[in-house]
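Input: a single structure, listed below in structure tokens.
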Amino acid sequence: MFRRLIVLAGVALLVCALAAPALALRVKVRVEGKTTTIFGSSEPTLTTGTNALTALDAASVAGEFYYHVTATSFGPFVDQIGLYPGAGTSGWSYKINGVSPPVGADQATLHEGDTVLWYWSTFSEQGGSPTLLLRHRVHKRNC
């Protein structure tokens with residue numbers, strides 16, 4: 001009887017060890033701040049969990065930046081990334097493969113190879129920013 005328990009425990013540990021890597025995904029992550037890229041201008045691939053919130057967590061570890069999550073009745077809400085807390089009509093949004101999911105970041109399922117973008121957004125009556133606008137500055141050289 002004792003031997004069966006040991007074998008059963010060994011099998012359970014093996015299943016757990018094999019299941020943990022299966023929950024890890026490799027996704028591209030970028031975080032665009034209010035005025036500059038906070039993390040991932042080249043969209044590096046990170047190993048993360050299965051949702052957009054775990055992708056932000058993996059990016060914060062890799063990029064050594066702070067983020068804060070507030071518990072709400074709708075679930076966890078990212079209310080600050082880096083130096084910028086959300087205030088008034090501005091705050092943090094995310095997209096997966098260029099689309100804003102209609103669920104909280106903890107419920108937004110990721111798949112292998114997805115691209116996750118977290119960005120500063122100014123909300124309007126219609127919702128968050130429909131697109132992220134990046135401006136490229138052209139530097140003129142004096143000859």
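The values are calculated or read from the model by the stated rules, or taken from the named source; none is laboratory data. This is a predicted model, so every value here is computed, not measured. Using ideal geometry, Cβ is built from the backbone for each residue, glycine included, and neighbour counts are taken over all protein chains shown. Calculation scope for accessible area: heavy atoms of the full protein, side chains included, ligands and nucleic acids excluded. Shrake-Rupley method; radii C 1.70, N 1.55, O 1.52, S 1.80 Å.
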* Asked: Once fully extended, how much extra length lies between residue 125 and residue 37, figured as 0.36 nm per residue of separation less the alpha-carbon to alpha-carbon distance?
  -> 29.0 nm
* Would you please classify the overall shape of the range 58-101 from the alpha carbon gyration tensor, given that a ≥ b ≥ c denote the square roots of the eigenvalues, rounded means a/c under 1.5, and beyond that prolate means a/b larger than b/c while oblate covers the rest? => rounded
* To do: With a 1.4 Å probe and all protein chains in place, put 112, 125, 43 in order of accessible area, largest first.
  => 125, 112, 43
* Asked: How much accessible area does residue 50 have with a 1.4 Å probe, in Å² rounded to the nearest 10?
  -> 60
* At 1.4 Å probe size, with no ligands or nucleic acids counted, give the accessible surface of residue 39 in Å², nearest ten. => 30
* Structure fact -> For residue 34, the accessible surface traced by a 1.4 Å probe with all protein chains present amounts, in square angstrom to the nearest 10, to 110
* Long-range HN-HN contacts of residue 32 with modeled amide H, under 5 Å -> 38, 118, 119, 120
* Zone of residue 89 (label point 7 Å along Cα→Cβ, backbone N under 20 Å): which residues in the range 28-45? -> 34-35
* Asked: ³J(HN,Hα) across the range 103-120 via Karplus (A = 6.51, B = -1.76, C = 1.60, θ = phi - 60°), whole Hz, x for Gly/Pro?
  -> 9, x, 4, 6, 10, 7, 6, 9, 10, 3, x, 5, 10, 10, 10, 9, 8, 6
